[in-house]
Every structure is written in C-alpha cells, then in structure tokens.
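Okay, structure first, notes after.
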Amino acid sequence: VEEAPEIVIVGGGIAGCALATVLSRAAISVAVLERELAPVDQVRGEFLALWGVAEAVQLGLVDTLISAGAFHTPRSVSYDENAPLDEAEAVARDLSAFLPGIAGPLCCGHPAMCAALAASSQAAGAKVLRGAKNVAVVAGVPPQISFDWNGQRIDWRPRLIVGADGRSSTVRRQLPFGWNTDRPHNFLGGMLVEGVPQWPQDTFSIGTQGDLQFFVFPQGRGRLRLYACWALDAAKRFAGTERRRRVLGAFGKLSCLRHSDAIANSTPIGPFNAFPNEDRWTDEPTLPGVLLIGDAAGYNDPIAGQGLAIALRDVRVVRDLLVGSDFTQATLKPFVDERAERMRRLRVTARLVATLRAEFVPGAPARRARAFQRSFRDGWPSPLLAPIVGPDRLSPEAFEDAVIDRLLN
Ligand SMILES: Cc1cc2nc3c(=O)[nH]c(=O)nc-3n(C[C@H](O)[C@H](O)[C@H](O)COP(=O)(O)OP(=O)(O)OC[C@H]3O[C@@H](n4cnc5c(N)ncnc54)[C@H](O)[C@@H]3O)c2cc1C
C-alpha cells in the first residue's frame, strides 16, 4: 500500500466494488477503502430492477451476481386488497417480455453481492482494504486522502477520489457538496426471514392492504426479504425489542397475500431496520479530484426499489467517461447532467408510487386500481413503467404534472 493508486474508492458496497471491478478490468489502478471487515446486513436492496440488470449486462457483472446466488424473478404478482388471490395471479406480469435479452429482475442477498463484487474487483487487480477507518479527504488537483489501516496512517494523493460510501457518506460530509432533501413520505423497513419454501422463486410481490404496504422478494432456499411501509405518524408501530415479531404479525394479517400464514410463522435471520423514506440528492456530485456515486451522491425513495439499478447506472456512465480520459472534473460533466435528469424523473415516480401505494386514506384503493389500469392496461402516459424499464426509456412527457394529475383523477 506504499504507492497511491490512480483512483481511491471510499466504500466497498455495490457501487464501490462494481466500479472497482470495471475500472481495474480497464487497467486503471484502484484501491477500495471499506470500513467493515466483512459485508453486514444493514438492510439494503436485494431486488435489482429489470433496467439495472441491463446495466449489469453492459458492465459484464451478471456472472458475478449469479455467483453470489442471484436469480431471475420475472413474475410480478400485485397481491393487493383490490384483488382476490386468484385474480391477482391471473393478471401477473411477465417482466421477461419488457427489455430484449433481459430475463427478469434479479434477487440476491446484499452482503453476498458486495462480497462477490469485492472478489471480482480483486481478481481484476484492485486492492480492497477492509477495516479502513477515519478517512479524511481534501478536494483538489490532485486530491488528498488519509486513513487508518492495519495499524498505520496512510496518506495518498491519487488522481481521483470516489465517494461510494452510502447514505451518510463521509466523503460528502467532509466537502462542500450541496444536499437537497425531499419531505419523507413514509417509514420503510426490511428483514430477512427463512422457512417459506412454498413461495415461488420466480415471483415477487408488492401490494397494499389497509395501512400497510408490503414487499416480498425471494432470496433462495426458502428465504424471503420482506419490506414493510407504513405511515409517518405511526413511528412506533414496528419499534422496540419485539419489532420483528410485530412485523411478522402484520404480514400474517394480509388476507390478500398468498402464503401469508407461512410468512407469519417464518424465522427472522437478520435485523429489522427501518428508515423514513424520502429522496435526498446533490445537484453537483463532483468537485476537483472528487466524485460521488451511488447513495452517497443521492438516493431515491426506496419505495420504488431503484437504488441498486441507480448505482449500476452510475458505474456504467462513469466507467465510460473515465476510461481513456484525463480524470478531470470536466470529463465527468455528462454524468452530472444525466444523473440530475434521471433522479428528477425517479423522484416524480417515487412520489406517485408513495401516493398510490402508501397513502392510507379513504378512496386510496380505488384510486390505485384506476391509476394502474390506466398505466398498464389502457396505455396512458405514466411514470409507473420507469421502475421497470428505467426512467430514460420513457418520454419526458410521462413525468409531467399534468400526466400525474390525469392518472390520479
Ligand atoms: C430499507 C431499504 C430498502 C431498499 N430496497 C431496495 C430494493 O429493493 N432495490 C433496490 O434496488 N434498492 C433498494 N434500496 C436501496 C439500495 O440498497 C441502495 O441504493 C444501494 O445499496 C446503494 O449502494 P451504495 O454502494 O451506493 O451504498 P451502500 O450499499 O450503502 O454501500 C456503502 C458502503 O460504504 C461503506 N462505508 C460507509 N461509510 C464508510 C466510511 N466512512 N469509510 C469506509 N467505508 C464506508 C459501507 O460499509 C458500505 O459497504 C433499499 C434501501 C433501503 C434503506
């Protein structure tokens, strides 16, 4: 570790390790500084949307994800209070038909994906320094970074520092990046359970009943990643030492969800962590010598399940700009512009999703049924396709206020 690499990436999660892999494959020298000694379940995304799988294909990372245990879940069943079980299953959507050559979204454990991507980056020549602490950064040409690792303080002047250190990014907080915050819409929490082998592995479900929005993503070997979304004014609903039992109890009451009894009797095998869900973002994720990607650069309300796809798109766009370039801030301008419009569109989308699926008010079920029918059956312009095919594959019109109003009214 005596010699500084060309690029230092802070954070060895999905974004950081994916970028380290593809840059190393392009013969750029890279080091990843990761705080944790091994990937931990912090309750993050385990469902990679269809358009994110397309990004993984372009990055040459699908095999790595498959080696981590990822599998395709093309069947989307909207179990919901609006439909009896059989009816919901009869109109299941086949997501293998949406993007040519993409067999479906991928489900995979988050820590397993991080571990596999870290291994792929090392195989391509990157250094992954685990247990790196007290990272200090200074922007400039060149930028400076120092950190504790293996009992020593290391100082480097690389050509570029990439902050890929997640929601509460230390790289972002140490430097004068702007930070915008939308108002939170709901609480969203998740937990991994095992003991539900009857849940079909090709199927995921997102739906609402009463005052709970629920998500079920299969994780192989009878395990499911469950997420629950509930009202902001019920902060304590799933708090305290009994919270995992309460979450399972709430799933057990979902008469619209197939296998809800089995889920209620499943065994939690990870923490239940919850977060107020909102969008947060910076308009300018670059400074001289420094770049933010993934959640560090800003995240979409996780209610739309887009964070992993966003991270992989960031990696793909940044790779295409950096390889063969001089690594200057100006080189990254197309990424800044592309990300700003992408995240704007996803903000509009997530707000609509939150309104339809997680505003637990009288009339909400009928409004939801109407908007989904208009979007998916009647072919009205709608942002609701964006979480499947990606925000850039729709026309700009789909994200206009008038379109949203028409869907809701
Ligand atoms: C409840 C919830 C549910 C979600 N569900 C989905 C979903 O279904 N689908 C989806 O696509 N997305 C989902 N997301 C979003 C998704 O998990 C994130 O967008 C994605 O993980 C971002 O990847 P990242 O690499 O930018 O950040 P992270 O995955 O957070 O990785 C950051 C890494 O940086 C490390 N790190 C942090 N600080 C430091 C430091 N100071 N020094 C060194 N290392 C550091 C961390 O240990 C970690 O390894 C969800 C998010 C939440 C909160």
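At a glance:
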item	result
Verdict on Ser120 being surrounded by fewer than 23 Cβ atoms within 10 Å (Cβ to Cβ), small (Gly, Ala, Ser) and over 28 Å from Ala264 (Cβ atoms)	no
Of all residues in the stretch 238-272 being farther than 27 Å from Pro84 by Cβ and among the hydroxyl-bearing types (Ser, Thr, Tyr), the one that is surrounded by the fewest Cβ atoms within 10 Å (Cβ to Cβ)	Thr241
Cβ pairs under 7 Å, 6+ apart, first in the stretch 154-176 and in contact (Cβ under 8 Å) with a residue 12 or more places away in the chain, second basic (Lys, Arg) and within 14 Å of the ligand (Cβ to nearest atom)	Gly163/Arg172
Residues (closer than 19 Å to Gly12 by Cα and in contact with a Gly (Cβ under 7 Å, 6 or more places away or on another chain)) located in the stretch 141-161	Trp149, Leu160, Ile161
Filtered residues of the stretch 138-171 (kept if β-branched (Val, Ile, Thr) and either touching a His at 6+ places or on another chain (Cβ under 7 Å) or within 10 Å of the ligand (Cβ to nearest atom) (or both))	Thr170, Val171
Elements of type helices (runs of 4 or more DSSP H) in the stretch 349-409, at least 1 residues being over 24 Å from Val53 (Cα atoms)	364-372, 401-408
The stretch 318-354, subset within 14 Å of the ligand (Cβ to nearest atom) and out of contact with any Asp or Glu (no Cβ under 6 Å at 6 or more places or on another chain), residue farthest from Phe47 (Cα to Cα)	Val318
Residue within the stretch 6-13 that is away from the ligand (no atom under 11 Å from the Cβ), surrounded by fewer than 19 Cβ atoms within 10 Å (Cβ to Cβ) and closer than 30 Å to Gln213 by Cα present	no
Residue under evaluation Ala90, criteria (1) touching an Asp or Glu at 6+ places or on another chain (Cβ under 9 Å); (2) more than 25 Å from Asn300 (Cβ to Cβ), criterion not met	(1)
Test for Thr21: is it touching a Gly at 6+ places or on another chain (Cβ under 6 Å) and either more than 24 Å from Tyr227 (Cα to Cα) or crowded, with 16+ Cβ neighbours inside 10 Å (or both)	no
Matching entry among Pro200, Pro184 (being part of a loop (DSSP other than H, G, I, E, B), modelled with pLDDT of 95 or more, within 26 Å of Ala358 (Cα to Cα) and out of contact with any Cys (no Cβ under 9 Å at 6 or more places or on another chain))	Pro200
Scope the stretch 360-386; condition under 18 Å from Pro84 (Cα atoms) and either of a type in the set (S, T, N, Q) or modelled with pLDDT under 95 (or both); matching residues	Gln373
Enumeration of residues in the stretch 13-41 that are touching a helix residue (DSSP H, G or I) at 6+ places or on another chain (Cβ under 8 Å), in a loop (DSSP other than H, G, I, E, B) and farther than 16 Å from Ile310 by Cα	Ala26, Ile28, Ala38, Pro39, Val40, Asp41
Residues of the stretch 57-111 satisfying the condition of being among the β-branched types (Val, Ile, Thr) and in a helix (DSSP H, G or I)	Val57, Val62, Thr64, Ile66
Tally, over the stretch 123-148, of residues that are in a strand (DSSP E or B) and surrounded by fewer than 19 Cβ atoms within 10 Å (Cβ to Cβ)	10
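For (1) touching a strand residue (DSSP E or B) at 6+ places or on another chain (Cβ under 7 Å); (2) in a loop (DSSP other than H, G, I, E, B); (3) of a type outside the set (Phe, Trp, Tyr); (4) more than 12 Å from the ligand (Cβ to nearest atom), each residue gets a yes or a no:
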{"site": "Lys236", "(1), (2), (3), (4)": "no, yes, yes, yes"}
{"site": "Gly240", "(1), (2), (3), (4)": "no, yes, yes, yes"}
{"site": "Ala262", "(1), (2), (3), (4)": "no, no, yes, yes"}
{"site": "Ile303", "(1), (2), (3), (4)": "yes, no, yes, no"}
{"site": "Arg316", "(1), (2), (3), (4)": "no, no, yes, yes"}
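One line per residue, one yes/no per condition, for (1) among the aliphatic types (A, V, I, L, M); (2) without any contact (Cβ under 8 Å) to a residue 60 or more places away in the chain:
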{"site": "Asp261", "(1), (2)": "no, yes"}
{"site": "Asn265", "(1), (2)": "no, no"}
{"site": "Ala274", "(1), (2)": "yes, no"}
{"site": "Leu291", "(1), (2)": "yes, no"}
{"site": "Gly298", "(1), (2)": "no, no"}
{"site": "Pro302", "(1), (2)": "no, no"}
{"site": "Gly305", "(1), (2)": "no, no"}
{"site": "Ala309", "(1), (2)": "yes, no"}
{"site": "Asp320", "(1), (2)": "no, yes"}
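The values are calculated or read from the model by the stated rules, or taken from the named source; none is laboratory data. Quick caveat: nothing in here was measured; it's all calculated off a predicted structure. A quick note on method: Cβ atoms are made from the backbone with ideal geometry, for glycine too, and the neighbour counts reach across all protein chains shown.
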